[in-house]
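Below is one structure, written out as structure tokens; the observations come after it.
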Amino acid sequence: MAAFLSSIPAMILTTGILVGLSAALLGSFLVLRGNAMLTDAISHSIVFGIILVWLLTRQLAGPVQLLGAAATGVLTVFLSEALARSRLVRMDTAIGLVFPALFSAGVLLISIHARDVHIHAESVLLGEIGFVWMNTVTLLGLPVPVAVVTLGAVFLVNLVFVLAFWKELKLASFDPGLAAALGLAPVALHYALLTLTSVTAVAAFDAVGAILFIAFVIVPPATAYLLTERLWLMVVLAMLLSVAACIAGYVLAVLWNVSIGGMMASMTGLWFALALVLAPRRGLVAQALRGRGERLDHDCRALVAHLFTHHDRPEMDEENTLRALTDHLGWAEPRARAAVLRALDRALIERRGAQLALRPKGMAEAEAIFGRMAPSRLAAADENRGL
């Protein structure tokens, strides 16, 4: 244990992982509820809370300072929602009005009253995870980084909260109206969730800064959301992605001699980009393939309808051919061939020399298509077929 606690890389990684786990745990519910950007407002407005608590207590650390600064985050949410409820501005505009005001007020108070104190807006926003090993506290005779102790406690509180109120959080995230009807107090859960988010942001600001906290609280849950539709799996994946981003980010930061926190945040963005492209159901590639399949199915139905319309008609030999699809329907030859191949694969049609003919399954498909048509269009189709 002493060797682990004295290892600088281990302490840096442990700090990053604790922030990632704490943030992703809460962020999963915030992303589902559409409140993800409230974390951005909270993480900036806590600057005002930090300097305000310092002016009252002249202390930078401690549970009172932690909760007092976190209260500013809750105040940000309360003021934003109050403005939105006035119907004079929308919620996104309200957030954009409140948190810059509190953040700028905090920066001004720092400039006026705390010039000689270690409180800087840059440290709140950017932090420096590489220095967490320098500020330690003695526990059981061993020096432990303060950031690890604080963030470990915050993670345990967040985990207990989520496990204790899992069903309530799940229902309130997907159907707050039903949650209210069942007496589950979704508003209280909402503010409890945001209070813990504020506490986590304050605990993380000195070690990793607000920017990395925002990255962890939003990006891994958003990535996990692309990969699964099960809430428990989404939460687990978000936490695992956060851990992977910390490890990969640290290794690459050391290798390339760049900012550790910046590289960790960049890795969360890389995971999201990969999921956005390659997610099995919601990724861009899957959507493109699904869209191509849907277009092929549509063309296949159009082909079946075309063959059915000219079935047993004098022009059948001319119309029910591949050439007619390009000449008369205006399809490009690759499109026509793809539609024919899809229909052949589905046993809807068969080739009879150069002619395309409907098989029994294709006839049933065509009758179902025309049966679903509006009466006027169906009558016109029957007239065309001489019925």
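The values are calculated or read from the model by the stated rules, or taken from the named source; none is laboratory data. Worth saying up front: this structure is predicted, and the values here are computed from it rather than measured. FYI the Cβ positions are ideal-geometry reconstructions off the backbone, even for glycines, and counts take in every protein chain you see.
Of all residues in segment 222-235, count the ones that are part of a helix (DSSP H, G or I) and without any contact (Cβ under 8 Å) to a residue 12 or more places away in the chain. Reasoning before the result, please.
Pass one, segment 222-235, residues part of a helix (DSSP H, G or I): 222-227, 231-235.
Within this subset, residues satisfying the condition of being without any contact (Cβ under 8 Å) to a residue 12 or more places away in the chain are 232-233.
Summing the residues that are part of a helix (DSSP H, G or I) and without any contact (Cβ under 8 Å) to a residue 12 or more places away in the chain in segment 222-235 gives 2.
Select from segment 46-81 the residues that are on the phi > 0 side of the Ramachandran plot and among the charged types (D, E, K, R) and list them in ascending order.
Of all residues in segment 46-81, those on the phi > 0 side of the Ramachandran plot come to 58, 62.
Of everything in segment 46-81, just one residue is on the phi > 0 side of the Ramachandran plot and among the charged types (D, E, K, R), namely 58.
Look at segment 86-106 and say how many of its residues are on the phi > 0 side of the Ramachandran plot and part of a helix (DSSP H, G or I).
Pass one, segment 86-106, residues on the phi > 0 side of the Ramachandran plot: 87.
Still in the list and also part of a helix (DSSP H, G or I): none.
Selection size over segment 86-106: 0.
From 187, 160, 202, grab the single residue that is assigned by TED's automatic domain parsing to the domain that holds residue 135 and in contact (Cβ under 8 Å) with a residue 12 or more places away in the chain. Walk me through it before giving the result.
On the way: 187 fails: in contact (Cβ under 8 Å) with a residue 12 or more places away in the chain; 160 fails: in contact (Cβ under 8 Å) with a residue 12 or more places away in the chain.
Only one candidate qualifies: 202.
Residue 85: modelled with pLDDT of 85 or more, more than 19 Å from residue 213 (Cα to Cα) and either surrounded by 13 or more Cβ atoms within 10 Å (Cβ to Cβ) or of a type outside the set (Val, Ile, Thr) (or both), yes or no? Before you say what the answer is, go through the steps one by one.
On the way: modelled with pLDDT of 85 or more: yes; more than 19 Å from residue 213 (Cα to Cα): yes; either surrounded by 13 or more Cβ atoms within 10 Å (Cβ to Cβ) or of a type outside the set (Val, Ile, Thr) (or both): yes.
Against the criterion (modelled with pLDDT of 85 or more, more than 19 Å from residue 213 (Cα to Cα) and either surrounded by 13 or more Cβ atoms within 10 Å (Cβ to Cβ) or of a type outside the set (Val, Ile, Thr) (or both)), residue 85 qualifies.
Restricting attention to segment 8-34, which residues are more than 11 Å from the chain's Cα centre (by Cα), among the polar types (S, T, N, Q) and either under 16 Å from residue 198 (Cα atoms) or not assigned by TED's automatic domain parsing to the domain that holds residue 247 (or both)?
Within segment 8-34, just 22 meets the criteria.
Would you mention how many residues in segment 341-369 are over 40 Å from the mean Cα position of the chain (by Cα) and either buried (at least 18 other Cβ atoms within 10 Å of the Cβ) or assigned to a loop (DSSP other than H, G, I, E, B) (or both)? Outline the logic, then answer.
Initial filter on segment 341-369 (over 40 Å from the mean Cα position of the chain (by Cα)): 344, 347-368.
Then drop every residue that is not either buried (at least 18 other Cβ atoms within 10 Å of the Cβ) or assigned to a loop (DSSP other than H, G, I, E, B) (or both), which leaves 347-349, 353-354, 356, 358-359, 362, 365-366.
The total comes to 11.
I'd like the full set of residues that are β-branched (Val, Ile, Thr) and more than 20 Å from residue 100 (Cα to Cα), limited to segment 22-57. So that I can check it myself, show each step before the final result.
If we filter segment 22-57 for residues that are β-branched (Val, Ile, Thr), which is where we start, we get 31, 39, 42, 46-47, 50-51, 53, 57.
Of everything in segment 22-57, those that are β-branched (Val, Ile, Thr) and more than 20 Å from residue 100 (Cα to Cα) turn out to be 31, 57.
For residue 64, work out the one condition from (1) surrounded by 21 or more Cβ atoms within 10 Å (Cβ to Cβ); (2) over 18 Å from residue 209 (Cα atoms) it doesn't fulfil.
With respect to (1) surrounded by 21 or more Cβ atoms within 10 Å (Cβ to Cβ); (2) over 18 Å from residue 209 (Cα atoms), residue 64 is out only on (1).
Looking only at residues that are among the hydrophobic types (A, V, I, L, M, F, W, C) and out of contact with any strand residue (DSSP E or B) (no Cβ under 9 Å at 6 or more places or on another chain) in segment 340-354, which one is nearest to residue 297 (Cα to Cα)?
In the first step, residues of segment 340-354 are kept if they are among the hydrophobic types (A, V, I, L, M, F, W, C); the result is 340-341, 343-344, 347-349, 354.
Within this subset, residues satisfying the condition of being out of contact with any strand residue (DSSP E or B) (no Cβ under 9 Å at 6 or more places or on another chain) are 341, 347.
Numbers: 341: 11, 347: 13 Å.
If we take residues in segment 340-354 being among the hydrophobic types (A, V, I, L, M, F, W, C) and out of contact with any strand residue (DSSP E or B) (no Cβ under 9 Å at 6 or more places or on another chain), then 341 is nearest to residue 297 (Cα to Cα).
Using beta carbons and a limit of 9 Å, which pairs, at least six apart or on different chains, have the first residue in segment 62-75 and within 22 Å of residue 136 (Cβ to Cβ) and the second one at pLDDT below 75 and not β-branched (Val, Ile, Thr)?
65/59
Among the candidates 255, 240, 227, which residue alone is within 25 Å of residue 287 (Cβ to Cβ) and over 13 Å from the mean Cα position of the chain (by Cα)?
Details: 255 fails: within 25 Å of residue 287 (Cβ to Cβ); 227 fails: over 13 Å from the mean Cα position of the chain (by Cα).
One residue alone meets the criteria, 240.
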